[in-house]
Number of protein chains: 2
Amino acid sequence: MENILVVLPVEQRHRDKLEAAAPGQRFVYTCGAEPTREQILAADIIIGNVPAGPLAAADRLKWLQLNSAGADAYIKPGVLRPGLILTNASGAYGKAVSEHAFAMTLMLTKKLHLYRDAQRQSRWTDYGTVSSLSDAIVLVVGLGDIGLRYARLTKAMGAYVIGVKRRAGACPEGVDELYTTDALFDLLPRADVIMSILPGSAGTYHMYTAAYFDRMKESAVFINCGRGGVVDGAVLYEALTRGKIAAAGIDVTEPEPLPADSPLWQLDNLLITPHVSGFYHLPETFERIVDIAAENLAIYFAGGTVKNIVDFETGYRH
Amino acid sequence: MENILVVLPVEQRHRDKLEAAAPGQRFVYTCGAEPTREQILAADIIIGNVPAGPLAAADRLKWLQLNSAGADAYIKPGVLRPGLILTNASGAYGKAVSEHAFAMTLMLTKKLHLYRDAQRQSRWTDYGTVSSLSDAIVLVVGLGDIGLRYARLTKAMGAYVIGVKRRAGACPEGVDELYTTDALFDLLPRADVIMSILPGSAGTYHMYTAAYFDRMKESAVFINCGRGGVVDGAVLYEALTRGKIAAAGIDVTEPEPLPADSPLWQLDNLLITPHVSGFYHLPETFERIVDIAAENLAIYFAGGTVKNIVDFETGYRH
């Protein structure tokens, strides 16, 4: 019998679903509370993101199923024992994060951030021309579930969509042109909107250098809903204050929370949301996470290969 | 030979298009400046919105082609001579206004207005759950070009769309249920989003009474991109401060500009934009207006019935 530690804030119906997928196993629930070190050390399987600290000493642990899509805190060397299975909840966040990024994009292209600022000062001020996604080339960097959904949302408004992903493949529906990541730098001058949804990893750390922003259109809107470390905040600040791009919207920062004295907060042409695009802010997201965990439990106890295994090099799914 | 006064800010290619549609006529251009009273009194045809004051004395005037979709300033008794032809630019604003209303809707349902406010105070604050249009019933009140485009934008995100229009007809593509205006009051409790795009007229003045907001869901989002007079500002204020609805977004107010001392400016759950959704803020809008004017000039001088004739009772096209 395996000890399965569940740290998600589950209700009874979620417990029923998980236990039906792994009959006869011993389930321990923290009901959303942070688990104790003892609970972590006693677990054979953990469902949900736990503090990384005790994991190196978790000798019994064979499989960690995250409730997040991002795995950056767990793929760092020394956090998890080699050979341990790490799976993420990729797919659960697609709707929530893609819609948040889409809403940010529309808000910025229609200058609603400036109108909100003017409103708070009781000012009736016209900020002039806006743009339409129907005339835009949208560059989606990272074409997983979130990126593809975002691509399709913009496509439905008439955008021309260029997708960039790690591996070559057939161009999916909703994407007009598909490239691999090595083409990204050359594609930047074409884009009216650049939406980046890359995971945090050594390979993506600070990858949007000043040279990248130099290549973007001065009218471009940059969106980052992946991981904050993908862009150096100082580089983004320079790009926005020196007119390299028109505006940016970021749901992720480095570090998080963004310190109150960061100059980024004060930029008119930057929209910051505090890493809220995913989480459980759409109720459906949590249901999908439980579904993924239950499906993987069933596969695991049937002796199969679980889904959503994270590559420790890239932070992506295999 | 007719005197055609054009008050639009036309460039040479627009002049060429207009003059090709009415060969041999005398064109006078103000190049976007306000026309003199003498220019108005000398005109047989006016292309563009002119000050209403001198129009009652414009004895030569036979046809006024507006550059706006709304005609409320011109359909008031005494402004225009009876029998004069009034046409609007309905159709030119569809993309601009529908996209603005759609951006407002997404901003409010994703709480981006609250995150913008928090940002300006350097606050990293989580405002909790949001909603998705994919789970929403969207009620579109006014199914002209703008309303229908808005309906389709929300439909593309998965919304279930209920349309309300004056006249019964076949349910257009992108609309799930269609009703006439008399059903509106009964439909309100079903709607997660109510988007109103009604013209200003005696019939629509202050039509969204407190009883209307009482019938809406407490979680509802109300959008008005039609005319400000359709909602009494005091009624909207009450609805928003007493929790009758969750949030509202308005591009139109009564009066305009909204006075700096209006309490509406200060509401967290109200987004105000200063009547900018249309205008010429999408460059394409102006091109469409010139196209409509040119097409109507060609029809007029061919002896036909011009398009977009405004009904003086309703403010709508016939």
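Lysines within cross-link reach of B:K62: Cα-Cα under 16 Å, excluding same-chain residues under 8 positions apart?
B:K307
Over chain A, calculate the relative contact order: mean separation of alpha carbon pairs under 8 Å at least 6 apart, over the residue count, as a percent.
Relative contact order here is 17 percent.
Considering amide H positions built from the backbone, and no H for Pro or chain starts, which residues 5 or more places from B:Y29, or on another chain, come under 5 Å of its amide H?
Counting only residues 5 or more places away or on other chains, the set is B:V6.
Classify chain B from the C-alpha gyration tensor, please: rounded if a/c falls under 1.5, else prolate or oblate depending on whether a/b exceeds b/c.
Since a/c reaches 1.5 and a/b is larger than b/c, the shape of chain B is classed as prolate.
Report the Cα-based extents of region A:17-169 along its three principal axes, largest first, to the nearest Å.
Reported extents, whole Å, longest axis first: 62, 45, 34.
State the antiparallel share, in %, of DSSP beta bridges confined to chain B, rounding to the nearest 5.
Counting only bridges with both partners in chain B, antiparallel ones make up about 5 percent.
With the crude spin-label approximation of a point 7 Å out along Cα→Cβ, what separation in nm comes out for A:A202 versus B:R60?
Result for the modelled spin labels: 8.1 nm.
With the dipole of chain B worked out from charges on the C-beta (+1 for Lys and Arg, -1 for Asp and Glu) around the Cα centre, which of B:P259, B:F301, B:G128 lies farthest toward the positive end?
Of the listed residues, the answer is B:F301.
Any idea how far the Cα center of region B:49-103 sits from the one of region A:135-151, in Å?
Answer, in whole Å: 41.
In what sequence, highest mean first, do A:168-174, B:292-298 appear when ranked by Cβ atoms within 10 angstrom?
Put in order of decreasing packing, that is B:292-298, A:168-174.
Under 12 Å between alpha carbons, and skipping anything fewer than 8 positions from B:K76 in its own chain: which aspartates and glutamates qualify?
Excluding near neighbours in sequence, the set is B:D311, B:E313.
GNM on chain A, C-alpha springs below 10 Å: top fluctuator among A:V28, A:V164, A:V175?
Comparing A:V28, A:V164, A:V175 in a Gaussian network model of chain A, the most mobile one is A:V28.
With charges only on Cβ, +1 for K and R and -1 for D and E, what is the dipole size of the protein assembly as shown about its Cα centre, in debye, rounded to 20?
Numbers: 60 positive and 70 negative charges, 68 e Å.
In debye, rounded to 20, the protein assembly as shown gives about 320.
What net charge is computed for the residues neighbouring A:L61, neighbours being all others with C-beta under 10 Å from the C-beta of A:L61, Lys and Arg scored +1, Asp and Glu -1?
Values: positive: A:R60, A:K62, A:R81; negative: A:D44, A:D59.
Here the count lands on +1.
Which cross-chain or sequence-distant (5 or more) residues have an amide H under 5 Å from the amide H of A:L178, H modelled 1.01 Å from N in plane?
For A:L178, whose amide H was placed from the backbone, the distant partners under 5 Å are A:G163.
Can you grab the distance from the C-alpha centre of region B:208-222 to the C-alpha centre of region B:279-318, Å, no decimals?
With region B:208-222 and region B:279-318 each reduced to a Cα centre, they are spaced 35 Å.
To the nearest 20 debye, what charge dipole does region A:94-272 have about its Cα centre, counting +1 at the Cβ of each Lys and Arg and -1 at the Cβ of each Asp and Glu?
That gives region A:94-272 a dipole magnitude of about 300 debye.
Treating only the Cβ of Lys, Arg, Asp and Glu as charged (+1, +1, -1, -1), what charge dipole size does chain A show about its Cα centre? Round to the nearest 20 debye.
With only Lys, Arg, Asp and Glu charged at Cβ, the dipole is about 200 debye.
Of all the residues in chain A, which one has the C-beta that comes nearest the axis relating A to B, and what is the distance in Å?
That would be A:A156, 2, residue then distance in Å.
Please say if the protein assembly as shown is rounded, prolate or oblate, where rounded means a/c under 1.5 for a ≥ b ≥ c the square roots of the C-alpha gyration tensor eigenvalues, and otherwise the choice is prolate for a/b larger than b/c and oblate otherwise? Present the calculation step by step, with values, prior to reporting the outcome.
On the way: a/c = 2.49, a/b = 2.00, b/c = 1.25.
The shape class here is prolate.
Counting other beta carbons within 10 Å of each Cβ, put A:S196, A:S201 in order, fewest first.
Sorted ascending by nearby Cβ count, the order is A:S201, A:S196.
Helix-only mean residue ellipticity at 222 nm, the protein assembly as shown, DSSP H runs n ≥ 4 weighted -39,500 (n - 2.57), per residue, nearest 500. What is it?
-8500 deg cm²/dmol
Pick from A:D72, A:D251, A:D135: which is most flexible by mean-square fluctuation in a GNM of chain A where alpha carbon atoms under 10 Å apart are linked?
A:D135
Which of the lysines could be linked to B:K111 by a straight reach, that is with a Cα gap under 18 Å, when you skip same-chain ones fewer than 8 residues away?
Within the straight-line limit of under 18 Å, B:K111 reaches these lysines: A:K95, A:K110, A:K111, B:K217, B:K244.
All of the numbers you see were taken from the coordinates with simple rules; none came from a lab. Quick caveat: nothing in here was measured; it's all calculated off a predicted structure. We place every Cβ from the backbone using ideal geometry, glycine too, and count neighbours over all the protein chains shown.
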